[in-house]
Amino acid sequence: MPTTASAAHPLTDVTASDSTLRRFLHGLPGVDAVGLEARAASLGTRSIKTTAKAYAIDLAISMVDLTTLEGADTPGKVRALGAKAVRPDPTDRTTPATAAVCVYPDMVPVAKEAVAGSGVKVASVATAFPAGRAALDVKLADVRDAVAAGADEVDMVIDRGAFLSGRYLKVYDEIVAVREVCGTAARLKVIFETGELSTYDNIRRASWLGMLAGADFIKTSTGKVAVNATPANTLLMLEAVRDFRAQTGIQVGVKPAGGIRTSKDAIKFLVLVNETAGEDWLDNHWFRFGASSLLNDLLMQRQKLATGRYSGPDYVTVD
């Protein structure tokens, strides 16, 4: 089993100062944007046989972080989400549960009660999600509240303003501080908001920065901006976790989030995982989908494979 992200690694020295960290991040190979997008598009055309498709759909269901992050969220809505995560298709007990439910910190106790005894994790966003515009003590209080309420996972956002202005050590130190608050109680997912990072080179730098700081997962997006997860930016992040493990022995997960709505989309992403990072990442301990509507399409496609027909609109719940 690969070492976890919280362990020491041979690249520790590159974070000794702002200058060494900058030198390392800007020394990473530049991204060939045309080549990256062409490879992502090419892998997306792979055909999947029926038996492999059935396996891929179940795998994708098991990788979903079923998410509700709205100002109008209520305890009742979160309870319903938890019930759906535990038993996505009440008519078919062979349907796997999702990996987690993802909610705001104040809804963690409700979510924990809803999934109790099921193995479904509770993830909480934190650090002034989605913008991350708050003082560090406020961000850390946010994380402490989530962990104290029982969150199994914390999805934090980086300070994009600091990153884009080149203050890499500030971003690094914030991730390290959040990692320390999570301790061994919660796995840490670090959200870059790739749609705001402007370039593929920045996404590569952010990926390495997050991993150096102790991220258990690197995550594309909040789902709150125009550009979220794409095959190309996810491919780039998969290359980063693959190369990071090759250099350090530490395996880090990847979570594309936002904009993945269909089974066809999900399967394309699974092909990217298999062909880029490898089979070790084809597990919900190392790969997740941040989604809300995706699960419904996966369930409808699963039922179509089993019966040869699509169910009516009442077959799945509307989130």
Review point. Applying the selection to region 84-135, what residues are farther than 23 Å from L188 by Cβ and open to solvent by less than 20 Å² (accessible area, probe 1.4 Å)?
Key: K84, P88, D89, T95
Review point. How many residues does region 93-105 hold that are over 20 Å from the mean Cα position of the chain (by Cα) and either touching a residue at least 24 places away in the same chain (Cβ under 8 Å) or assigned to a strand (DSSP E or B) (or both)?
Key: 1
Check your understanding: Which of the residues spanning region 240-259 are of a type in the set (V, I, T) and either over 18 Å from A60 (Cα atoms) or open to solvent by 10 Å² or more (accessible area, probe 1.4 Å) (or both)?
Key -> V241, T248, I250, V252
Revision key, fill the gap. Within region 30-62, the count of residues that are within 23 Å of S293 (Cβ to Cβ) and hydroxyl-bearing (S, T, Y) comes to 2
Review point. Restricting attention to region 293-313, does a residue exist that is closer than 24 Å to A206 by Cα, buried (at least 24 other Cβ atoms within 10 Å of the Cβ) and under 16 Å from the mean Cα position of the chain (by Cα)?
Key: no
Exercise for review: Output the number of residues of region 146-169 satisfying the condition of being crowded, with 17+ Cβ neighbours inside 10 Å and more than 22 Å from V227 (Cβ to Cβ).
Suggested key: 9
Check your understanding: Consider L299 against the criteria (1) in contact (Cβ under 8 Å) with a residue 60 or more places away in the chain; (2) not in a helix (DSSP H, G or I): it satisfies all of them except one. Which criterion is unmet?
Key -> (2)
Revision key, fill the gap. When region 35-85 is checked residue by residue, the ones that are under 30 Å from S124 (Cα atoms), among the acidic types (D, E) and over 19 Å from the mean Cα position of the chain (by Cα) are D73
**Study point:** Any chance A131 is more than 18 Å from G183 (Cβ to Cβ), touching a strand residue (DSSP E or B) at 6+ places or on another chain (Cβ under 9 Å), assigned to a loop (DSSP other than H, G, I, E, B) and not aromatic (F, W, Y)
**Key:** yes
Exercise for review: Could you please let me know if T234 is polar (S, T, N, Q), within 14 Å of the chain's Cα centre (by Cα) and surrounded by 24 or more Cβ atoms within 10 Å (Cβ to Cβ)?
Suggested key: yes
Practice item. Tell me, please, whether a residue that is over 13 Å from the mean Cα position of the chain (by Cα), assigned to a loop (DSSP other than H, G, I, E, B), at pLDDT 95 or above and at positive phi can be found in region 249-268. Key: yes
Review point. G210 versus (1) within 16 Å of the chain's Cα centre (by Cα); (2) open to solvent by 20 Å² or more (accessible area, probe 1.4 Å); (3) among the small types (G, A, S): which is the lone unmet condition?
Key: (2)
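The values are calculated or read from the model by the stated rules, or taken from the named source; none is laboratory data. This one's a predicted model, so the numbers in the text were calculated from it and none came from an experiment. Heads up, the Cβs are rebuilt from the backbone with ideal geometry, glycines too, and the neighbour counts pull from every protein chain shown. Accessible surface is based on the protein model in full, side chains and every heavy atom, while ligands, DNA and RNA are left aside. Shrake-Rupley method; radii C 1.70, N 1.55, O 1.52, S 1.80 Å.
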